[in-house]
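> Handing you a structure now.
Read the figures in this text as sums done on the coordinates, not as results from a lab. Only a predicted model underlies this, so the values are computations on that prediction, with no experimental measurement involved. A quick note on method: Cβ atoms are made from the backbone with ideal geometry, for glycine too, and the neighbour counts reach across all protein chains shown.
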Amino acid sequence: MRSPTNIAVLGTGLLGRAIAERLQTVGHIVVAYNRTATKALPLQAHGITVMGTPELAVAQAECMLLVLADAAAIRSVLFSPACSAALRGKTIIQMGTIGSSDSLAIQRDVEGCGGFYCEAPVLGSLAEAKAGTLFLMVGGTDAQFNRWKPLFGSLGREPRFIGPVGKAAALKLALNQLIAAEVSAFALSLGLVQRSGVSVDTFMAILRESALFAPTFDKKLPRLLKRDYHQPNFSTRHLLKDVELFSEEAADRGLMTSGLDGIRSILEDTIAKGFGEVDYSALYERINPPGTTLKS
């Protein structure tokens, strides 16, 4: 890192908190804001100042990292009269998962307030955020990418410049759609293996040696076998939001999205069963409900 940067992290949910802690650990000067203030207070133990309003956080920083749930949350935080006035001359870096059209609209509004905007959504979970090994996908200008590359490098092993604003947002949606598709498909196959009395170890040994294997299968297997979805890396509610965003964006581009309808229904039913805030692997409860007798 060439020199400490004054950074405001707006949004301290699971990922935002880990990002704030990582940046503080590697030597940046970090302040934080969260709409539910109590969720940000644990950051104080890491030497991070928690601000009471977004405009106070913006005033303390050279750049703001948005790690908020969706475009509506971003707008509620950034574009109050007081915060809008504070954006002049500041850089906003959007790191959450939103649609490309939303990202472009927020860019226009930030620039209308005299600020600068780029996007840098990430792929990875809490462990990668804390270790600085997230995959960062940057949408903006070459100049913005080069200006903030040391900051990006504090969070990711190889930040990638994707293109103008909107391109990285679309890429992130494409990747998150795979999260839903892969885990729901794996849960279904695992359920059949278990209900058929086939050894899970045998199933996994063959799967790992095949071209079908994805590392996320090994990562999620212990949760599925124990039906333990606590301490989430990514919640069911947020995955449903991303699937819906992907479906809208893909349909706008003439793609057939009917294959996602079943996955969306599974996620909706999982949330209705009370699993909205736990790890998204809880979709297993809908795909393979407990208590079913094995069949020979």
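> From zero outward in steps of 10 Å, how is the percent of C-alpha pairs of the stretch 20-60 spread across the bins?
Spelled out bin by bin, the stretch 20-60 gives 33, 57, 10 percent.
> Counting other Cβ atoms within 10 Å, which trypsin sites (Lys or Arg not before Pro) in the stretch 218-296 have at most 12 and lie in a DSSP loop?
Sites meeting the loop and neighbour criteria: R227, R253, K295.
> Mind running the shape call on the stretch 167-296? Use the C-alpha gyration tensor, a ≥ b ≥ c as the square roots of the eigenvalues: rounded below 1.5 for a/c, prolate if a/b tops b/c, oblate otherwise. Each step should come with its number before you reach the end.
Details: a/c = 1.88, a/b = 1.52, b/c = 1.24.
Verdict is prolate for the stretch 167-296.
> When the scattering of the stretch 238-296 is computed by the Debye formula from its Cα atoms alone, each counted once and equally, what is log10 I(q)/I(0) at q = 0.26 Å⁻¹?
-1.02
> Could you give the Stokes-Einstein D for the chain in µm² per second, using the C-alpha Kirkwood radius, 10 °C, 1.306 mPa s?
Once the numbers are plugged in, D ends up at 79 µm²/s.
> Calculate, for L255 and L225, the FRET efficiency according to 1/(1 + (r/R0)^6) with r their C-beta to C-beta distance and R0 30 Å; round to the nearest 0.05.
Working from the Cβ atoms, E equals 0.30.
> Hey, another quick one. Lys and Arg at +1, Asp and Glu at -1: add these up for the other residues within a Cβ distance under 15 Å of L68 and post the number.
+2
> Give, in nm to one decimal, the length gained when the segment between A181 and E62 is fully stretched (0.36 nm per residue of separation minus the Cα-Cα distance).
Separation in residues times 0.36 nm, less the Cα-Cα distance, equals 39.0 nm.
> Which entries in the list K130/K167; K39/K220; K39/K172; K90/K273; K90/K220 go over 32 Å, if you measure between the two C-alpha atoms of each?
Numbers: K130/K167 26 Å; K39/K220 26 Å; K39/K172 26 Å; K90/K273 43 Å; K90/K220 40 Å.
Long pairs (Cα-Cα over 32 Å): K90/K273; K90/K220.
> Checking the a/c ratio against 1.5 first, then a/b against b/c, what shape does the Cα gyration tensor give for the stretch 1-100?
rounded
> Would you mind ranking M204, M95 so that the residue whose beta carbon has the fewest other beta carbons within 10 Å leads the list?
M204, M95
> Taking 45 Å as R0, compute the FRET efficiency from the Cβ-Cβ separation of S265 and A143 and round it to 0.05. List each step's numbers first, then the result.
On the way: r = 44 Å, r/R0 = 0.99.
Plugging the Cβ-Cβ distance into 1/(1 + (r/R0)^6) gives 0.50.
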